[in-house]
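Take a look at the structure below.
None of the figures in this text is laboratory data; all of them are computed from the coordinates on show. The model shown is predicted, which means the values in this text are computed figures rather than measured ones. Cβ atoms come from the backbone with ideal geometry, glycine included; neighbour counts cover every protein chain shown.
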Amino acid sequence: MSGEWGDQNRLQVFPAPRLNPSTPPTGGTLPQAGQITLDRPVRDIQGCDFVDGTRLLCASDDGSRTLFPEDRPLLQVDLDRPVDGRPVTGHVTSLFALPQRSICTDARTRRRAWTTTRRAGPCAPRWSSPACAPSPRPCTRTG
């Protein structure tokens, strides 16, 4: 799923590279796999994630409050039907303003915040705040 900068009335759908066997393994041009026509304009969409087959949540970096009352809104897009390569229409609703503060202060703080713990099997970082933590990953250190 791809948003675009500026005012747009669509979202573009592209195949997922490396996850979709129809995309070239060495990279290259990704053909557009579909398009979602929106029932109202959106601005500066940073990205969208599917919640289920017919609902997306999209982060907008639009701070103007001219299209939606919220500053940098989280948008919900409800589709008429699942994406299948044919054009589909989406109904846009603004849910709320995305928080503009983070409890993560800087990379140095995040590095100091984690410790490894020994468990049966691989160990994973333990962070002082789950909001600052990346996805769990195996570690190679033992202490």
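Some observations on this one:
- Set of region 24-43 residues, backbone N closer than 19 Å to the point 7 Å along the Cα-Cβ line of Thr54: 35-40
- With θ taken as phi - 60° and the Karplus curve 6.51 cos²θ - 1.76 cosθ + 1.60 applied, the whole-hertz 3J(HN,Hα) list for region 72-86 is 6, x, 8, 9, 9, 10, 9, 8, 5, 7, x, 5, 9, x, 8 Hz, x standing for glycine and proline.
- Local net charge near Asp44, Cβ-Cβ under 10 Å (Lys/Arg +1, Asp/Glu -1): -2
- Each pair of Cα atoms in region 1-105 enters the Kirkwood radius, and Stokes-Einstein at 10 °C and 1.306 mPa s then converts it into a translational diffusion coefficient of 108 µm²/s.
- The modelled label-to-label distance for the pair Gln46/Leu98, using points 7 Å beyond Cα in the direction of Cβ, is 0.3 nm.
- Residue separation of Asp78 and Leu30 scaled by 0.36 nm, minus their Cα-Cα distance, works out to 14.8 nm of gained length.
- Long-range amide H partners of Ala33 with built H, under 5 Å: Val13, Phe14
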